[in-house]
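For reference, the structure is listed below as structure tokens.
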Amino acid sequence: DIEMTQSPSSVSASAGDRVTITCRASQGISTWLAWYQQKPGKAPKVLIYTASTLQSGVPSRFSGSGSGTDFTLSISSLQPEDFATYYCQQTNSFPLTFGGGTKVEMK
Amino acid sequence: EVQLLDSGGGLVQPGGSLRLSCAASGFSFSNYAMSWVRQTPGKRLECVSVIGTSGINTYYTDSVKGRFTISRDNSKNMLYLQMNSLRDEDTAVYHCAKGRGSSISSCHDFWGQGTLVTVSS
């Protein structure tokens with residue numbers, strides 16, 4: 001199985017800050033990576049797929065990059081509605097594994 | 001508007017069975033892979049099972065193989081998960097999720113709100 005490791009597990013930030021979350025795959029996955037946002041009591045929502053493609057309707061302050069084993073999700077200017085937990089998922093091979101999540105909290 | 005309404009969860013004893021259902025609307029259901037993804041009490045996400053557009057191609061995570069069966073009825077826009085021989089570790093919120101495409105390895109672009117399955121004596 002491909003293990004997905006996210007860091008940090010939590011980050012404290014203020015509105016307007018730039019936030020970067022990393023995701024590392026235990027083996028190469030090309031660009032088969034998705035990022036999800038989950039708010040308390042809600043289902044996850046896809047933000048980015050194939051590492052850098054923004055899902056329709058997602059604000060342009062979100063961006064993704066990387067290939068192979070190392071990936072990043074960046075939020076250029078954190079907005080109040082962005083405080084949530086973020087997960088990466090590899091879709092290169094089964095089982096389709098998720099990272100452990102990164103909680104973005106208000107400082 | 002894409003809508004996924006999952007249902008069928010509940011409290012069941014170890015060894016028991018449940019059948020989850022997901023009613024889909026707002027998209028051409030038969031053209032997309034569908035999945036069941038669970039979230040454990042510790043918030044870990046796990047893709048439990050995926051089914052292709054025709055229902056022929058399926059995938060199960062190792063821990064549920066032989067116990068869970070995924071199926072779909074394209075005429076009714078319905079997705080199902082039959083869960084037998086349930087174990088304590090199957091306790092989770094189960095979400096149905098739409099694939100972004102027809103491939104069973106697509107990421108999940110829309111999710112249902114989830115149905116809680118609790119396995120406990």
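Before moving on, here are some points about what is shown:
- Among the strands (runs of 3 or more DSSP E) confined to region B:81-121, the ones with at least 1 residues that are more than 8 Å from chain A (Cβ to nearest Cβ) and small (G, A, S) are located at B:92-99.
- Screening the candidates B:H95, B:H108 for the property of being at pLDDT below 95, within 13 Å of the chain's Cα centre (by Cα) and closer than 27 Å to A:T53 by Cα yields one hit, B:H108.
- Residue selected from region B:1-15 under the condition hydrophobic (A, V, I, L, M, F, W, C) and closer than 28 Å to B:F27 by Cα, by the criterion surrounded by the most Cβ atoms within 10 Å (Cβ to Cβ): B:L4
- Hey, B:T69 more than 14 Å from chain A (Cβ to nearest Cβ), of a type in the set (V, I, T) and outside any loop (DSSP other than H, G, I, E, B) or not: yes
- In region A:9-40, the residues that are away from every other protein chain (no Cβ under 14 Å) and under 15 Å from the mean Cα position of the chain (by Cα): A:V11, A:R18, A:V19, A:T20, A:I21, A:T22, A:R24, A:A25
- Condition met for B:M34 (surrounded by fewer than 19 Cβ atoms within 10 Å (Cβ to Cβ) and either within 12 Å of the chain's Cα centre (by Cα) or within 27 Å of A:G99 (Cα to Cα) (or both)): no
- Residues (assigned to a loop (DSSP other than H, G, I, E, B) and either at pLDDT 95 or above or buried (at least 22 other Cβ atoms within 10 Å of the Cβ) (or both)) located in region A:93-107: A:L96, A:G99, A:G100, A:G101
The values are calculated or read from the model by the stated rules, or taken from the named source; none is laboratory data. Every value quoted in this text rests on a predicted model; they were computed, and no experiment measured them. A quick note on method: Cβ atoms are made from the backbone with ideal geometry, for glycine too, and the neighbour counts reach across all protein chains shown.
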